[in-house]
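Accompanying notes for the structure given below.
The values are calculated or read from the model by the stated rules, or taken from the named source; none is laboratory data. All values derive from a computational prediction rather than experimental measurement. All Cβ positions, even for glycine, are placed from backbone atoms using ideal geometry, and neighbour counts span all protein chains on display.
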Amino acid sequence: MMAKSCAMARHLEARVRKEPELELVSGAQLNIACFRYRGKDADEDPGRLNSAIVADMQVAGIAAPSLTTLNGGVAIRACFINHRTGVEDVDALVEATLAFGRRRTGRS
């Protein structure tokens, strides 16, 4: 079970690295990976933007990542502990981050 959780964190890391609008803040450390949305205007207040994206995902029932502070900045923290989490769930997290980030920054 732990091996699968670690694999999901590595999959998230790989997906984030492929998306120009996302920034990997901390690569997969066991079952945790941290990233942020860095789209248009995100650098002005990335903490506020990424906090709002996390809230959007939680309200929509898509995923339940948390927030953390790394190197003085806010990051989205995904910790995989559910044995039923699969690649499709990780992909949904990435797609939701992109969709909510684009919506909040006016990119469609």
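Residues are listed down the side, and each one gets a yes or a no for (1) within 16 Å of ALA92 (Cα to Cα); (2) out of contact with any helix residue (DSSP H, G or I) (no Cβ under 8 Å at 6 or more places or on another chain):
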{"position": "LEU12", "(1), (2)": "yes, no"}
{"position": "VAL16", "(1), (2)": "yes, no"}
{"position": "LEU24", "(1), (2)": "no, no"}
{"position": "TYR37", "(1), (2)": "yes, no"}
{"position": "ASP45", "(1), (2)": "no, yes"}
{"position": "ALA52", "(1), (2)": "no, no"}
{"position": "GLY72", "(1), (2)": "no, yes"}
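In region 60-68 there is at least one residue matching the filter, namely being surrounded by 13 or more Cβ atoms within 10 Å (Cβ to Cβ) and closer than 13 Å to ALA9 by Cα.
Of all residues in region 7-49, those being modelled with pLDDT of 95 or more and assigned to a helix (DSSP H, G or I) number 12. Among the candidates VAL54, VAL16, VAL25, the residue that is touching a Cys at 6+ places or on another chain (Cβ under 6 Å) and at negative phi is uniquely VAL25. Test ARG102 against the stated conditions and say whether it is loosely packed, with under 14 Cβ neighbours inside 10 Å, touching a residue at least 12 places away in the same chain (Cβ under 8 Å) and more than 23 Å from ARG10 (Cα to Cα). Judged against the criteria, ARG102 is not a match. Here ARG10 passes the criteria (1) in contact (Cβ under 8 Å) with a residue 24 or more places away in the chain; (2) farther than 18 Å from PHE100 by Cβ except the one numbered (1).
Among the residues of region 54-81, those that are free of Cβ contacts under 8 Å to residues at least 24 places away in the same chain and not hydroxyl-bearing (Ser, Thr, Tyr) comprise VAL54, ALA55, GLN58, VAL59, GLY61, ALA64, LEU67, GLY72. Take the conditions surrounded by 15 or more Cβ atoms within 10 Å (Cβ to Cβ) and not polar (S, T, N, Q) and apply them to ILE81. Does it pass? It is false that ILE81 is surrounded by 15 or more Cβ atoms within 10 Å (Cβ to Cβ) and not polar (S, T, N, Q). Quick check on ILE76: is it surrounded by 16 or more Cβ atoms within 10 Å (Cβ to Cβ), in a strand (DSSP E or B) and modelled with pLDDT of 95 or more? Yes; evaluated as a whole, the condition is true for this residue.
Kindly check whether there is at least one residue in region 86-107 that is closer than 29 Å to ALA3 by Cα, hydroxyl-bearing (Ser, Thr, Tyr) and not in a helix (DSSP H, G or I). No, the conditions are met nowhere in region 86-107.
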